[in-house]
Amino acid sequence: MATLEGCRCRGASGRSNNSSILYSILKSDSLAAAEEQQQQQPRQQQQRTLQQLLHKTTSTSSTIAGPPASLQELRQQQQQQQACSCGSTRRRGILRSPQVTCKAASAVLVKTLRFVKNVPCFRELPEDDQLMLIRSGWAPLLVLGLAQDRVDFETTETVEPSMLQRILTGLPDRQSEPVLAGQSRGAAPGVSIADIEAIKAFLKKCWSVDISTKEYAYLKGAVLFNPDVEGLRCLHYIQSLRREAHQALNEHVRLIHREDTTRFAKLLIALSMLRTISPLVVAQLFFRPVIGSVNIEDVLMEMFYGK
């Protein structure tokens with residue numbers, strides 16, 4: 001099992017076998033489930049913070065987008081559109097029911113952060129490592145939570161006027177519009193259809209595999225303990241936790257799904273799809289209608305540490 005040898009993390013001495021990733025993640029998941037049964041009212045400051053933010057939600061509506069093309073076709077179209085600065089309109093999308101979807105995503109975010117808090121081996125890490133792992137993993141963990149809670153969403157296509165249309169209609173240049181946190185100057189509203197389809201493809205993949213609660217827990221552990229984050233003090237320990245998460249997932253699949261020899265590979269494919277989803281896209285799609293120009297990382301730190 002993973003140990004903290006060679007790493008000056010909290011709790012480095014006197015750790016028992018119960019502190020393995022197998023025990024820690026399942027304990028975290030069971031604690032979260034117990035809290036769900038015992039508490040029906042909004043959760044303390046985290047829920048109050050999100051409720052205040054949700055009051056700012058504004059509803060938006062537009063024409064309903066047609067049936068989505070394949071992901072490859074969408075990416076090709078996007079590249080062709082971006083190649084011309086004055087040409088045709090660019091396909092982007094926004095939530096069809098932002099108030100409903102943002103509320104559901106916010107609830108999943110609260111549950112996700114509570115899950116992370118309940119992982120003992122995460123709490124033993126230095127605070128700097130915790131912060132870096134949260135910043136790196138909050139978005140994929142959130143999308144995993146959306147899949148686990150079966151939160152589906154619909155989008156509507158928003159047409160971005162071309163440069164020529166802006167000139168003819170007198171619309172302001174996007175370069176002169178205010179810049180939101182984490183958004184580059186001149187960025188169009190909404191997110192690209194290709195990015196939306198990537199998220200939807202991941203959700204459908206998880207639902208088609210019918211991932212169990214334990215499998216979701218191990219997948220979250222593999223996402224949370226990301227050794228690829230630069231600047232980690234306990235890099236080797238985090239690497240061992242990632243390996244144990246994969247090993248525990250593999251052993252669980254072999255024990256429960258002996259007849260399905262491809263299941264573990266399917267779960268790894270789902271993880272690879274998850275890594276292609278940009279945190280900026282997740283923030284823009286699910287939280288910009290709620291928090292506006294507020295930096296999502298500021299909200300995360302306030303919710304996690306109460307700062």
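Within the set LYS117/LYS205; LYS103/LYS204; LYS214/LYS266, which residue pairs have Cα atoms separated by over 23 Å?
LYS117/LYS205
Between the DSSP loop rule and a limit of at most 11 other Cβ atoms within 10 Å, which GluC sites (Glu not before Pro) in segment 235-307 are left?
GLU259
Only four residue types carry charge here, +1 at the Cβ of Lys and Arg and -1 at the Cβ of Asp and Glu. Report the dipole size of segment 250-307 about the Cα centre in Debye, rounded to the nearest 20.
That gives a dipole near 200 debye.
No lab work stands behind these numbers, since they all come straight from the coordinates. These figures come from a predicted structure and were not determined experimentally. Methodologically, a virtual Cβ is constructed for each residue, glycine included, from the backbone with ideal geometry; neighbour enumeration extends over all protein chains shown.
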